[in-house]
Amino acid sequence: MRKFVVAGNWKMNTNLPEGEQLASDIMSLLGQRNFDLDRYGVIIAPPYTHLYRLGQIIDNNKIRLGAQNMGWEEKGAFTGEISADMLLSVGVEYVIIGHSERRKYQKEDDQLLLKKINLALAKGLKPIFCVGEELNDREAGKHFDVVRSQIENVIFSLEVHNMENIIIAYEPVWAIGTGKVATPGQAQEMHAFIRQMIADKFGSQVGVNMTLLYGGSCKPSNAEGLFSQKDIDGGLIGGASLKAQDFVTLVDMLIEAK
C-alpha cells in the first residue's frame, strides 16, 4: 500500500538547542493528532550534530529520523564522511540521497549516488532519492529527459525487491529556496511520468505503491493544490520544516487530501 509522507529537510539550519526545541514543538503538536501510522509518515532530517539527541526526543511512533546524506563506503580513511552504520547507531531510518544541492555543490554524480543507495539498502536504511531539472532544462523542454536519465542511471540498476524501501522526491531545482513553485499541473505531470517509468520497469503494482514526494518551496499556502494531485504523495519540505506549526499544518493538509 502506498504511504503518504511529509519529510522535513532542515539543511544547515539550527544549532542543537534550537533543534531540540523545534523537535519538541513538532512532537507536541503531533501528539494532539491521531492518524494511521501505516498510511501516513512523518520524517525529520536535522543536521548530523542533532541526530542522537533528537532521536531521544522523538522516541515515539509518530516521527521517524532521517539523515541528509551519507558516505559511499562502509568505513575507512574518508575524513568528514558519515557512514551508514554511524547513522543506524543513533536511530536513523531514512537518508536523503541525491539532493540537488549535493549534486550542485559537491558534484555528486549518478555513479556515486548509486553506490550510496546500494549501501544504504544493504544496511537497512531507506533512501529518499531526489531527482529534478534546472530552469534551463525546463525552458528548453528537456525536463522529462533529465529526470528520466537520473532515474534510469540509478533506480533502474536496483532489484525489484528494493523498491518497497525507496521514496523518490521530485524537486524542480528552480523552485528550491527561490519562493517559486511548480504549478500543481506541472508537478502532477512529472510525478505521473515518474510513476509510469517505475511501473514500466518494475511492474504496475510497484508503480502504484511507490511513494513520490514533491520538493521545492512547498508550504501551507500552496500545498493544498499540490497534495490534491493523484500522483503526489506528500512533500520533502525545506524552509517550512523549520517552523513547527507550518510543518504540522502540512501533515494535516496531506492527511485531509489523501
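Here, each number is a calculation from the coordinates, and none is a lab measurement. As the structure is a prediction and not an experimental result, all values here were calculated from the model. All Cβ positions, glycine included, derive from the backbone under ideal geometry; neighbour counts span all protein chains shown.
Quick notes
- FRET efficiency for Asn153 and Leu29, using Cβ-Cβ distance with R0 set to 41 Å, rounded to 0.05: 0.55
- Between Lys123 and Ala199, the distance separating the two model label sites (each 7 Å from Cα on the Cα→Cβ line) works out to 3.5 nm.
- Near the amide H of Lys126, within less than 5 Å, lie the amide hydrogens of Tyr94, Val95, all on another chain or at least 5 residues away, with H placed in the peptide plane.
- Of the peptides 12-21, 229-238, 141-150, the order by per-residue mean of other Cβ atoms within 10 Å, starting with the highest, comes out as 229-238, 141-150, 12-21.
- Under-5 Å amide H pairs with Arg64, H placed in peptide plane, nonlocal only: Val42, Ile43, Ile44
- Peptides 216-223, 118-125 ranked from most to least packed give 216-223, 118-125, packing being the mean of other C-beta atoms within 10 angstrom over each peptide's residues.
- Across the cross-link table entries Lys3/Lys104; Lys3/Lys75; Lys3/Lys201, which are compared at the Cα atoms, the separations over 26 Å belong to Lys3/Lys104; Lys3/Lys75.
- For Phe4, residues with placed amide H under 5 Å, excluding near neighbours: Tyr40, Gly41
- In loop segments of region 78-107 as defined by DSSP, the chymotrypsin sites (Phe, Trp or Tyr not before Pro) with at most 12 further C-beta atoms inside 10 Å of their C-beta are Phe78.
- Counting every other Cβ atom within 10 Å of each residue's Cβ, Met210, Met27 order from fewest to most as Met27, Met210.
- At least 24 Å along the helix axis (C-alpha) and Kyte average at least 1.6, DSSP helices within the chain: none
- Overall form of region 1-157 per C-alpha gyration tensor (a/c, 1.5; a/b vs b/c): prolate
- Most tightly packed first, judged by the mean number of other beta-carbon atoms within 10 Å of their residues, the peptides 82-91, 126-135 read 126-135, 82-91.
- Residues Lys243 and Lys142, FRET efficiency given R0 of 30 Å [Cβ-Cβ distance, rounded to 0.05]: 0.30
- Across the chain, C-alpha contacts under 8 Å between residues 6 or more apart give a mean separation that, scaled by the residue count, equals a relative contact order of 21 percent.
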